[in-house]
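J.: First the structure, then my questions, so here it is.
Bear in mind these aren't lab numbers, they're just calculated from the coordinates by the rules spelled out. Worth saying up front: this structure is predicted, and the values here are computed from it rather than measured. Because the Cβ atoms are built from the backbone with ideal geometry, glycine has one as well, and the counts that use them run over all protein chains shown.
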Amino acid sequence: MLAIRGLSVVFDGFRAIDGIDLTVREGELRFLIGPNGAGKTTLVDVVTGLTRPTGGSVVFAGREIVGRREHQIVRLGIGRTFQTAVVFEELTVEENVDLAASFRMRLPALLRRRKGRSDKVASVLDRAGLLDLAGQRAGVLSHGQRQWLEIAMLLAQEPRLLLLDEPVAGMSRAERERTGELLADVARDRTVLVIEHDMEFVRTYASTVTVLHEGRVLTEGDMAHVQADPQVREVYLGRSRDTRAAEPAAVGAGPNPEGAA
Ligand code: ADP
Ligand code: MG
């Protein structure tokens, strides 16, 4: 589904991404972890056309992405969320999802649309657990609900590959659990790449984890493999010692989500 090869991104001489190879298969729920500044968001920015790489290639479903514009990449079937949810606060939850659903429609389909809730919007709201909130203004949603709305808006665009940048940052434990279940559910018929800091969350839901550090892939594998890796322990524990309010020992304690730092 996604084949990243020899990717590099240089900002003013600084190598944010330094030769990354990464393969994600169709139907995977893949987690991408690593300390602040590792290059996780930059990687997603490249895959979605927001940032142009200095070198390398990104092939999505057999097509080269590098050089295409953002909207072209959306049309190919790649969708993303940002670290801070972007929703229209004055519109209702349902209107937000409806609007997102129309982004990929061509004009004739848009003109044919009837009033009322479409099946697609209803099913997306249901899937994201937002049916009860359909008529609420997005501006009054809690932090967790906003994140779910953003995921719902993404689902309404029917991407084949979803890239989620720290969807559970700042969420309560209960909200994290719900989000994990939602992502696992979404991965049943789509491919999902999730950037995450919270190791506990990753442990529960990840099948394969890729660890980035200083723009490179440090290691990749299942959670047991990653946690046993001495380099991963060093990166996480080292940073939590010198720059973070460290959670107690164990690799389970990663750096804080940057949004909450
Ligand atoms: P992560 O998401 O893993 O925390 P980022 O991908 O946001 O890391 O950033 C990787 C590195 O690249 C950081 O050192 C960051 O400061 C730098 N960086 C990101 N975007 C830019 C930019 N537009 N210009 C210059 N430096 C950037
Ligand atoms: Mg980031």
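J.: Being buried (at least 18 other Cβ atoms within 10 Å of the Cβ), hydrophobic (A, V, I, L, M, F, W, C), away from ligand 1 (no atom under 16 Å from the Cβ) and touching a residue at least 24 places away in the same chain (Cβ under 8 Å) narrows it down to one of A206, A184, so name that one.
T.: On inspection, the qualifying residue turns out to be A206.
J.: If I go through the stretch 160-186 residue by residue, how many of them are touching a Ser or Thr at 6+ places or on another chain (Cβ under 9 Å) and closer than 21 Å to L2 by Cα?
T.: Of the residues in that region, 8 qualify.
J.: While we're on this one: Consider the stretch 1-60. How many of its residues are near ligand 1 (Cβ under 9 Å from one of its atoms), β-branched (V, I, T), more than 23 Å from L182 (Cβ to Cβ) and not in a strand (DSSP E or B)?
T.: 2
J.: Right, something else. What residue, of T23, T48, is within 15 Å of ligand 2 (Cβ to nearest atom) and within 16 Å of the chain's Cα centre (by Cα)?
T.: After ruling out the rest, the residue left standing is T48.
J.: Look through G221, G215 and report the one residue that is closer than 26 Å to G6 by Cβ and within 16 Å of ligand 1 (Cβ to nearest atom).
T.: G215
J.: Return a yes/no flag: does the stretch 36-43 have any residue that is of a type outside the set (S, T, N, Q), more than 14 Å from L193 (Cα to Cα), within 14 Å of ligand 2 (Cβ to nearest atom) and touching a His at 6+ places or on another chain (Cβ under 6 Å).
T.: Scanning the stretch 36-43, I find at least one residue that is of a type outside the set (S, T, N, Q), more than 14 Å from L193 (Cα to Cα), within 14 Å of ligand 2 (Cβ to nearest atom) and touching a His at 6+ places or on another chain (Cβ under 6 Å), so the answer is yes.
J.: Given (1) part of a helix (DSSP H, G or I); (2) away from ligand 2 (no atom under 16 Å from the Cβ), where does E158 come up short, assuming only one miss?
T.: (1)
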